[in-house]
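Read through the structure below, which is laid out as structure tokens, and then see the notes.
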Amino acid sequence: MKSSFKGYFAAALLAAAVPNLASAQTATVKLGQIEAQTGPNAIYGYMSSQGVPIAVDEVNKAGGFKVGDTTYKLELIALDTRGDPKEATIQLKKLLEQDKVKFVFGPFLSNVFVTIYPYAKQFNGKFLMLGGGTRIHEYVGQPGNEFVIRTWNWDAGPKGFGEKMVDYLVKTAHPKKVAMLFQNDSGGKVLGDTYEPIFKARGIETMTEYFEPGTKDFSPVLAKIAEFHPDYLFPGYSDAALYDIVRQSIEGNYSKKFFLVRGSTGPGMKNKDGLEDYIVYVPKDFEEAEKKEPKVKHFVDAYKAFYKRDFPYDQAPLCSSSCYDHVYMLIAAMQKAGTVDDVEKIRTTLLSMTYEGMWKISFDDHNEQVFDFDIVHLKKGGVKEVTHVEP
Amino acid sequence: MTQVVVGQILNGIILGSLYGIIALGVTMTFGITGIVNFALGQFMMIGAYATWYFTDLAMLPFPVAVVLAVALAAVAGLIADQALFRFTRNNLVNGLLVSIGLISVMESGALLLFTTTPKNMDIVIAGSWSLGAITLPRMKVVAFLLLVAVIGLTWLGLSRAWLGRATRAYAQNPEAAMLMGVPTKLLQTGVVVYSCALAGFGGALYASLFSLEPSLGGLFILKGVEAAILAGVGNLLGALAGGVILGVTESVGSLYLPSAFRDAYGLVFLVAILLFRPAGLFGSQK
């Protein structure tokens with residue numbers, strides 16, 4: 001008798017707890033992320049996948065966010081694509097079909113986006129993808145592709161950061177010849193196709209060479225480029241290659257002047273004594289910004305506390321930070337739209353608003369992000385000049 | 001243009017010696033244990049990261065860092081041998097599967113420890129030597145000399161010392177070597193450990209030339225296997241020659257043909273050679 005009473009009591013407790021559990025589940029917004037956290041091209045994905053967990057942690061520790069009368073917490077499902085498009089397709093399928101995720105961050109790699117695109121398109125209107133990949137530019141803003149928003153400045157066009165970068169180069173260095181050296185893949189080809197006309201429009205002669213992914217010894221291609229006698233070498237696009245290109249170019253006496261629109265200040269700082277000029281696009285020069293901007297200071301401190309390591313100033317905290325902003329930007333859009341489920345309403349709200357986080361983020365007619373950035377100009381010995389640009 | 005070509009031939013020779021040291025490890029391990037240790041690239045990665053760590057973070061002098069890195073790679077090789085490879089002796093498929101599994105484990109471990117952010121070691125020997133239009137970074141030349149010296153000493157050791165002769169005897173006829181009192185188990189373990197140490201040494205010099213990522217071993221083991229096959233598996237000095245031929249083919253090929261397909265030039269050359277000499281350039285045709 002005593003034991004059956006205990007059984008009833010336990011059952012009653014369980015019954016009382018179940019509705020609470022159910023309501024706790026409904027008050028969660030799932031965020032997915034598909035980025036290359038590992039692998040040879042992981043620099044962008046790895047860095048961007050660090051920003052989102054910090055924001056999610058902050059939001060949840062603050063008790064969540066309110067939309068209407070309901071308080072929501074965030075659940076992040078971050079998956080490592082390793083830069084493998086097939087892996088990414090399986091992961092996206094899991095996120096959309098099993099986990100029922102409606103908001104996906106990533107990918108930053110073009111080859112990954114191009115492969116997952118046909119599958120992702122089937123879910124148009126049912127989820128939002130916030131990806132930074134260069135080739136997303138070709139798809140975003142087209143009818144039937146409303147699911148994707150590109151979270152990065154585009155290079156060309158009136159507000160294009162690449163145009164502003166080349167203008168800066170022309171203004172400060174008056175180059176006649178520029179040699180471009182990119183990885184032989186989707187991202188590299190797009191860069192070549194995009195920048196040739198930009199340079200040509202300014203009367204600059206170009207030469208373009210592509211290297212095999214995973215290349216470590218760049219001497220042959222640099223020797224070939226040196227025959228062209230370029231004023232600037234414009235290499236891309238990830239630090240994994242840039243460290244070697246910059247060092248070998250300086251050591252082999254091929255070129256000591258560099259112009260970059262992808263990558264970080266790291267390769268320049270590492271070779272600061274040998275280079276003559278290193279002009280690089282960075283979304284934000286964190287070293288300077290953290291002294292002046294409280295939001296940046298907060299992020300740097302949060303990063304150090306969350307990961308228990310130093311902030312990677314020389315790397316691409318750029319991506320991690322922009323994804324950090326994107327979490328808050330998405331929440332702001334949900335709150336303004338008054339829903340966490342109506343993807344179309346949230347998308348429309350997002351595209352029409354301006355979010356002021358670490359960056360001032362808005363979107364152009366093409367559904368691509370427009371945000372302020374810095375041009376870092378390193379000179380021999382590491383002397384640094386920073387120019388802030390508002391597109 | 002002639003000077004550019006000469007410069008790239010020299011560059012190819014230097015790079016090829018790095019392929020050669022991995023090829024030497026591949027050819028020795030295969031000859032004695034009957035397995036192709038594809039994880040040698042990861043032992044190279046251990047050597048590279050260890051050198052970077054000891055030099056840039058622990059602030060030890062480069063030569064000390066190299067010695068420690070080689071020792072670490074050797075210890076890792078000993079652990080791998082005793083825990084895994086000794087159960088796969090003379091079983092090509094099992095050995096291959098174990099080494100492939102080991103690649104995943106070691107690469108994941110490196111990712112966990114060092115992340116994908118490239119590590120770029122401080123320059124050990126700065127500057128270049130120039131001869132006309134040919135410029136060669138000093139560190140590259142020093143690395144080449146060290147690699148050739150180690151490969152040469154290995155060859156000398158194997159052809160002159162008792163242990164080396166025992167090793168070669170075992171490779172030619174294991175049963176006869178055993179009957180002559182060659183400690184076969186110890187020999188097999190020794191060869192695995194030594195080839196891992198060689199890979200670690202290659203990695204230590206790699207760290208002084210190129211940036212480091214956890215996946216660096218994958219590319220170099222492929223080149224090492226290519227070089228070993230090109231030379232003819234089992235030929236020790238041929239391993240160096242195979243590496244050098246591969247390096248020169250890639251470097252000069254990239255000058256005249258698109259750099260985007262650099263790896264293919266070495267492979268095409270390898271296939272062409274194997275068509276005429278199936279046992280490799282220096283391998284026995286019998």
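The table for this structure:
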quantity: In the stretch B:187-215, the residues that are within 28 Å of A:Ala241 (Cβ to Cβ), under 12 Å from the mean Cα position of the chain (by Cα) and of a type in the set (A, V, I, L, M); calculated: B:Leu198, B:Ala199, B:Ala204, B:Leu205
quantity: Qualifying residue in the stretch B:148-157 (condition: at the interface with another protein chain (Cβ under 9 Å from one of its Cβ atoms) and of a type in the set (Ser, Thr, Tyr)); calculated: no
quantity: Of all residues in the stretch B:204-228 being among the hydroxyl-bearing types (Ser, Thr, Tyr) and closer than 16 Å to B:Ala65 by Cα, the one that is nearest to the other protein chains (Cβ to nearest Cβ); calculated: B:Tyr206
quantity: Selection from the stretch A:149-165 of residues that are under 18 Å from A:Lys284 (Cα atoms) and not in a loop (DSSP other than H, G, I, E, B); calculated: A:Phe161, A:Gly162, A:Glu163, A:Lys164, A:Met165
quantity: Which numbered condition B:Gly203 misses (of (1) surrounded by fewer than 24 Cβ atoms within 10 Å (Cβ to Cβ); (2) within 17 Å of B:Ala50 (Cα to Cα)); calculated: (1)
quantity: Sole residue being within 29 Å of A:Tyr72 (Cβ to Cβ), within 15 Å of the chain's Cα centre (by Cα) and charged (D, E, K, R), chosen from A:Glu344, A:Glu356, A:Glu368; calculated: A:Glu368
quantity: Residue within the stretch A:195-207 that is over 22 Å from A:Leu109 (Cβ atoms), at the interface with chain B (Cβ under 8 Å from one of its Cβ atoms), in contact with a helix residue (DSSP H, G or I) (Cβ under 7 Å, 6 or more places away or on another chain) and among the hydrophobic types (A, V, I, L, M, F, W, C) present; calculated: no
quantity: Helices (runs of 4 or more DSSP H) wholly inside the stretch B:156-275 that include at least 3 residues being closer than 30 Å to B:Thr117 by Cα and touching a residue at least 40 places away in the same chain (Cβ under 8 Å); calculated: B:184-207, B:216-231, B:236-256
quantity: Condition check for A:Ala226: surrounded by fewer than 23 Cβ atoms within 10 Å (Cβ to Cβ) and either in the same structural domain as A:Ala42 (by TED's automatic domain parsing) or without any contact (Cβ under 8 Å) to a residue 60 or more places away in the chain (or both); calculated: yes
quantity: Looking only at the stretch B:1-49, and only at residues there that are among the polar types (S, T, N, Q), out of contact with any Asp or Glu (no Cβ under 8 Å at 6 or more places or on another chain) and in contact (Cβ under 8 Å) with a residue 60 or more places away in the chain, the one that is farthest from B:Leu96 (Cα to Cα); calculated: B:Gln3
quantity: Positions within the stretch A:217-232 being out of contact with any strand residue (DSSP E or B) (no Cβ under 6 Å at 6 or more places or on another chain), facing chain B (nearest Cβ under 9 Å) and part of a helix (DSSP H, G or I), in sequence order; calculated: A:Ser219, A:Pro220, A:Ala223, A:Lys224, A:Ala226
quantity: Scope the stretch B:191-229; condition within 15 Å of B:Ala23 (Cβ to Cβ), touching a helix residue (DSSP H, G or I) at 6+ places or on another chain (Cβ under 6 Å) and aromatic (Phe, Trp, Tyr); matching residues; calculated: B:Phe201, B:Tyr206, B:Phe220
quantity: Segments classed as strands (runs of 3 or more DSSP E), wholly inside the stretch A:37-107, with at least 1 members that are farther than 25 Å from A:Lys121 by Cα; calculated: A:65-67, A:70-80
quantity: In the stretch B:93-128, the residues that are in contact with a Leu (Cβ under 7 Å, 6 or more places away or on another chain) and within 11 Å of chain A (Cβ to nearest Cβ); calculated: B:Pro118, B:Lys119, B:Ser128
quantity: Whichever residue in the stretch A:162-202 is hydrophobic (A, V, I, L, M, F, W, C) and closer than 17 Å to A:Arg135 by Cα and, among such residues, is modelled with the lowest pLDDT; calculated: A:Val190
quantity: Scope the stretch A:233-253; condition assigned to a loop (DSSP other than H, G, I, E, B) and at the interface with chain B (Cβ under 8 Å from one of its Cβ atoms); matching residues; calculated: A:Gly252, A:Asn253
quantity: Unique residue being surrounded by fewer than 23 Cβ atoms within 10 Å (Cβ to Cβ) and closer than 28 Å to B:Arg165 by Cβ when the list is B:Asn37, B:Asn91; calculated: B:Asn91
quantity: Residue count for the stretch A:256-274, restricted to those that are modelled with pLDDT of 95 or more and part of a loop (DSSP other than H, G, I, E, B); calculated: 1
quantity: Members of the stretch B:260-283 found to be touching a helix residue (DSSP H, G or I) at 6+ places or on another chain (Cβ under 6 Å) and within 11 Å of chain A (Cβ to nearest Cβ), listed by number; calculated: B:Arg262, B:Tyr265
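Residue-by-condition table, conditions (1) at pLDDT below 90; (2) assigned by TED's automatic domain parsing to the domain that holds A:Val104; (3) hydroxyl-bearing (Ser, Thr, Tyr):
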{"site": "A:Leu14", "(1), (2), (3)": "yes, yes, no"}
{"site": "A:Ala22", "(1), (2), (3)": "yes, yes, no"}
{"site": "A:Thr26", "(1), (2), (3)": "yes, yes, yes"}
{"site": "A:Asn41", "(1), (2), (3)": "yes, yes, no"}
{"site": "A:Thr70", "(1), (2), (3)": "no, yes, yes"}
{"site": "A:Lys73", "(1), (2), (3)": "no, yes, no"}
{"site": "A:Asp84", "(1), (2), (3)": "yes, yes, no"}
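Yes/no matrix, rows are residues, columns are (1) crowded, with 22+ Cβ neighbours inside 10 Å; (2) without any contact (Cβ under 8 Å) to a residue 40 or more places away in the chain; (3) assigned by TED's automatic domain parsing to the domain that holds A:Phe363:
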| residue | (1), (2), (3) |
| --- | --- |
| A:Val59 | no, no, yes |
| A:Thr81 | yes, no, yes |
| A:Leu92 | yes, no, yes |
| A:Lys102 | no, no, yes |
| A:Phe105 | yes, no, yes |
| A:Lys121 | no, yes, yes |
| A:Leu130 | yes, no, yes |
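The values are calculated or read from the model by the stated rules, or taken from the named source; none is laboratory data. Worth saying up front: this structure is predicted, and the values here are computed from it rather than measured. Ideal geometry is used to build each Cβ from the backbone, glycine not excepted, and the neighbour counts take in all protein chains shown.
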